[in-house]
Amino acid sequence: MKRVLICTGGLAPGKSVIVQEVKACNLIIAADSGFDTLLRCGLIPDYVIGDMDSVTRKKELKKIDPQRVILHPPEKDDTDTDLAVMFAHGLGADTIVLVGGGGGRIDHLMGILSLFDREIHPQRWFTDKEILESVDGNIEVRGMAGTRVSFFPVGTEVCTMESSGLQWPLDPLTWKKGDAGISNVITRDVMKVTMKTGRLLMVRDIALGAE
């Protein structure tokens with residue numbers, strides 16, 4: 001089992017969230033200016049990947065072993081986040097956690113969202129305000145009663161599922177790409193979603209106090 005954290009550019013969650021996620025990971029990869037975010041948290045990545053056009057901490061970047069800096073030209077088909085995900089997969093990652101990418105340009109946001117439609121995709125994504133999680137089989141959320149939560153089909157399969165602990169159960173629904181369940185509410189201390197077919201992207205707010 002290899003769990004890899006990728007920190008990309010854009011708005012990221014607070015230091016405590018990033019540090020907590022890093023503790024559960026075997027490897028840290030910075031995608032371009034995600035390098036700056038990690039340094040602000042007192043963290044040094046194992047690899048840095050991208051065209052480095054947005055990195056501001058150039059002096060610190062030069063201190064990284066050159067063999068661990070994977071430089072790509074600015075003129076490329078894939079985003080730095082795409083490259084980092086594929087690089088992590090090539091290193092044997094079976095779980096990818098993405099942090100950063102909040103705010104900024106809408107096309108960058110949509111580019112990251114498109115990763116969840118792919119066979120090789122992140123399992124979790126933390127922006128500055130939200131947690132997005134791929135529900136491949138089943139998922140439990142504990143201690144978040146009263147939290148708003150939304151669901152979107154991802155991938156190519158039709159989604160059918162069972163749920164408990166939601167104000168509006170998902171059980172009777174059949175979703176295909178383009179459908180959505182916006183602003184549901186967690187009503188119990190334990191909320192569960194189990195996929196029968198397909199895969200969902202679950203979006204909820206980061207817990208208050210996670211700074």
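Below are the figures for this structure:
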| item | result |
| --- | --- |
| Subset tally (residues that are on the phi < 0 side of the Ramachandran plot and at pLDDT 95 or above) for the stretch 41-55 | 8 |
| Matching residues in the stretch 199-208 - criterion: being part of a strand (DSSP E or B) and among the hydrophobic types (A, V, I, L, M, F, W, C) | Leu200, Leu201, Met202, Val203 |
| Filter result for Pro153 (part of a loop (DSSP other than H, G, I, E, B) and modelled with pLDDT of 95 or more) | no |
| Within the stretch 25-70, tally of residues that are of a type in the set (S, T, N, Q), surrounded by 19 or more Cβ atoms within 10 Å (Cβ to Cβ) and in a loop (DSSP other than H, G, I, E, B) | 1 |
| Residue in the stretch 87-123 that is nearest to the chain's Cα centre (by Cα), counting only those that are crowded, with 20+ Cβ neighbours inside 10 Å and assigned to a loop (DSSP other than H, G, I, E, B) | Pro122 |
| Condition met for Gly90 (over 26 Å from Leu5 (Cα atoms) and not aliphatic (A, V, I, L, M)) | no |
| Residue list for the stretch 1-19, restricted to those being of a type outside the set (Ser, Thr, Tyr), surrounded by 19 or more Cβ atoms within 10 Å (Cβ to Cβ) and not in a helix (DSSP H, G or I) | Val4, Leu5, Ile6, Cys7, Gly9, Gly10, Ala12, Pro13 |
| Matching option when the condition is in a helix (DSSP H, G or I) and of a type in the set (Asp, Glu), among Asp82, Asp77 | Asp82 |
| Test for Val22: is it surrounded by 13 or more Cβ atoms within 10 Å (Cβ to Cβ) and touching a residue at least 60 places away in the same chain (Cβ under 8 Å) | no |
| Those residues of the stretch 174-198 which are closer than 20 Å to Thr147 by Cβ, in a strand (DSSP E or B) and of a type in the set (S, T, N, Q), in sequence order | Ser183, Asn184, Thr194 |
| Single residue of Val135, Val149, Val154, Val141 found to be buried (at least 19 other Cβ atoms within 10 Å of the Cβ) and in contact with an Asp or Glu (Cβ under 6 Å, 6 or more places away or on another chain) | Val154 |
| Residues of the stretch 153-171 that turn out to be under 15 Å from Gly198 (Cβ atoms) and out of contact with any Lys or Arg (no Cβ under 9 Å at 6 or more places or on another chain), as a count | 2 |
| Test: residue in the stretch 77-84 that is charged (D, E, K, R), over 14 Å from Ala30 (Cα atoms), loosely packed, with under 14 Cβ neighbours inside 10 Å and touching a residue at least 24 places away in the same chain (Cβ under 8 Å) | no |
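The values are calculated or read from the model by the stated rules, or taken from the named source; none is laboratory data. Since this is a predicted model, take the numbers as computed values, not measurements. All Cβ positions, even for glycine, are placed from backbone atoms using ideal geometry, and neighbour counts span all protein chains on display.
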